[in-house]
Amino acid sequence: MSTGKPHTPYAQREQGYREKALKIYPWVCGRCAREFSGKRLSELTVHHKDHNHDNNPEDGSNWELLCLYCHDNEHARYTDNQYQAEARPGSDLGPKETFKAFANLAELLKNKPD
């Protein structure tokens, strides 16, 4: 399947928008507010808000800087949400209970022999 765009290796593409994002935004995680600098700056990642790595507007409106932990958490929540939104097999069959143990209890007690 061709998108009509020339294929750019992920590492090269990521480096381009990462440099731009680091120039635009303060070096702070957008979730936990930890600050990063020096060697630890590598722990700050660029997260695509719409989860589309090809959507890289020049103004950075689809990016946010997240630390490694918050970035992993965001993707885990996104993945979990996708699975929860899908229909489960048999979910359209209605309630599973077919036997009501106490349905006739009042009638049984009324007709109880002394």
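Read-outs: derived from the displayed coordinates by stated rules, not from any lab. Keep in mind it's a predicted model, so treat the numbers as computed, not measured. FYI the Cβ positions are ideal-geometry reconstructions off the backbone, even for glycines, and counts take in every protein chain you see.
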Worksheet entry | Whole-angstrom gap from the range 24-60 to the range 100-114, using each part's C-alpha centre | 67
Worksheet item: Which of the trypsin sites (Lys or Arg not before Pro) found in the range 21-86 are loop residues per DSSP with 13 or fewer other Cβ atoms within 10 Å of their Cβ?
Response: K49
Fill in: Computed label-point distance, nm, for sites R18 and D59 using a 7 Å Cα→Cβ extension
2.6
